[in-house]
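> Structure provided below as structure tokens; questions to follow.
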Amino acid sequence: MGRRIVLSMLGLGAAGVVAAPQLQGGLEALLGAAADKDPTGLTELLPNGGGFRYYSVVSSVPRKDESSYRLTVDGLVDRPATYTLDQLRALPQTRTVRDVQCVTGWRVPQTPFSGVKLSALLDAAGVRPEGKAIRFTCFDGAYSESLTLSQARRDDVLVALRMQDKPVSHSHGGPVRLYVAPMYFYKSAKWLSGITVTSDVRPGYWEERGYDVDAWVGRSNGRTDAPTV
Ligand SMILES: Nc1nc2c(c(=O)[nH]1)N[C@H]1C(S)=C(S)[C@@H](COP(=O)(O)O)O[C@H]1N2
Ligand SMILES: [Mo]
């Protein structure tokens, strides 16, 4: 079933979607069954505010808040930990302002993200010598991502609590998403719930489907977008 057919079945042209972004929560639910059949294409049509597109590989994602959200850090570490939102907020916060670049071509210039440096959480956990990579998991129950340990230790890789100087919204992957500034946006896992130190890189959701594991902007996936500083 093509996108246009699905949208017209819903009584919505693409223009209707753009004109009614406040309907998005309802649209996400409406598009659920269709998105399961076409997870890579259909939700791309949904605007997510400020030039972003909404992406999810599943039809619906549970909401997590102050009381229900937890982030676990485990695997090849000396001190596994579980963080609440309050505990993450209490740690030193870092803010970056860079262009967001999706591998499908859209870009959102100079977007502020802030949160805890991933390296700080790794240091607190104490990565064992055999730990060489990180696997990220998400409370959508399906998405995953990966980084090498040296990529994960970069100063521009954040466990982000804020995006565009506001709390990360549910549709942008809140309350907590990963933000990997130097790489295409698929590395920035939304709805982050697990950080596991592993001995080898385990390719993530899109990487098992052909995208590059090392997703440097302008130097991967056959693209040459100029990376921004
Ligand atoms: N959990 C999860 N994270 C995800 C995705 C996803 O489908 N599920 N899509 C990725 C892709 S391809 C992009 S472009 C961005 C989209 O983020 P946005 O919805 O905030 O625009 O999220 C990334 N992180
Ligand atoms: Mo993307």
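> How far apart, in nm, are the 7 Å Cα→Cβ label points at THR72 and ARG223?
3.2 nm
> Of all alpha-carbon pairs in the stretch 71-221, indicate the percentage at a distance above 28 angstrom.
11 percent
> What does the charge count around ARG135 come to, taking other residues whose C-beta lies under 13 Å from its C-beta (Lys +1, Arg +1, Asp -1, Glu -1)?
Within the 13 Å Cβ shell, the charges total -2.
> For the stretch 164-195 and the stretch 83-98, what is the separation of their Cα centres, given in Å?
So the two Cα centres are separated by 12 Å.
> Name the long-range amide H neighbours of VAL77: under 5 Å, sequence gap of 5 or more, or other chain; modelled H, no Pro or chain starts.
It is ARG128, by chain and number.
> Run the accessible area of the stretch 71-221 with a 1.4 Å probe and give the carbon-and-sulfur part as a rounded percent.
49 percent
> Additional query: How do 86-96, 131-141, 145-155 rank on mean C-beta neighbours within 10 Å, highest first?
131-141, 145-155, 86-96
The values are calculated or read from the model by the stated rules, or taken from the named source; none is laboratory data. Bear in mind that the values here come from a model prediction, so they are computed numbers and not experimental data. When we count neighbours, we look across all protein chains shown, and the Cβ atoms used for this are built from the backbone with ideal geometry, even at glycine. In case anyone asks, the SASA skips ligands and DNA or RNA and just uses the protein heavy atoms, side chains included. Shrake-Rupley method; radii C 1.70, N 1.55, O 1.52, S 1.80 Å.
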